[in-house]
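Note sheet for the following structure.
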Amino acid sequence: MTASIGFSDQTSYWLTKFAGVGEVIFGVLFFILYRNLWLNLANIAGLTGLLGFVAFYQPQLLIEAFNPVTTNIALIGFSLILLHELKQGNQLAKP
């Protein structure tokens, strides 16, 4: 996808590697610190941004199997439910 916005093959390769490592680090942090308000908001913002990026640059991917709609919307919903539940129990950690 990075090549579709004009990056070279080598730049696309490195961006993809860094994005993958960043996603793993974020996932581990989210797993450990799921009660953090800002981490949940970052998750929602990031997933919304990624969905918008795909919709703008490669909309054909939105109808394929395991597309960003089915994965990102579900995880955004999960974060919204988590935020609601944590607020109800006053267990939400603020930085």
Report yes if Phe26 is touching a Gly at 6+ places or on another chain (Cβ under 8 Å), hydrophobic (A, V, I, L, M, F, W, C), at pLDDT 90 or above and under 28 Å from Ser4 (Cβ atoms), otherwise no.
-> yes
Scope segment 8-49; condition farther than 24 Å from Glu85 by Cβ and of a type in the set (A, V, I, L, M); matching residues = Leu15, Ala19, Val21, Val24, Ile25
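Within segment 82-90, does at least one residue satisfy the condition of being part of a helix (DSSP H, G or I), charged (D, E, K, R) and either surrounded by 15 or more Cβ atoms within 10 Å (Cβ to Cβ) or at pLDDT below 90 (or both)?
Checked segment 82-90: at least one residue is part of a helix (DSSP H, G or I), charged (D, E, K, R) and either surrounded by 15 or more Cβ atoms within 10 Å (Cβ to Cβ) or at pLDDT below 90 (or both).
The values are calculated or read from the model by the stated rules, or taken from the named source; none is laboratory data. Note that the coordinates shown come from a computational prediction; the quantities given were computed from them, not determined experimentally. Cβ coordinates were reconstructed from backbone atoms using ideal geometry, including for glycine residues, and neighbour counts include every protein chain displayed.
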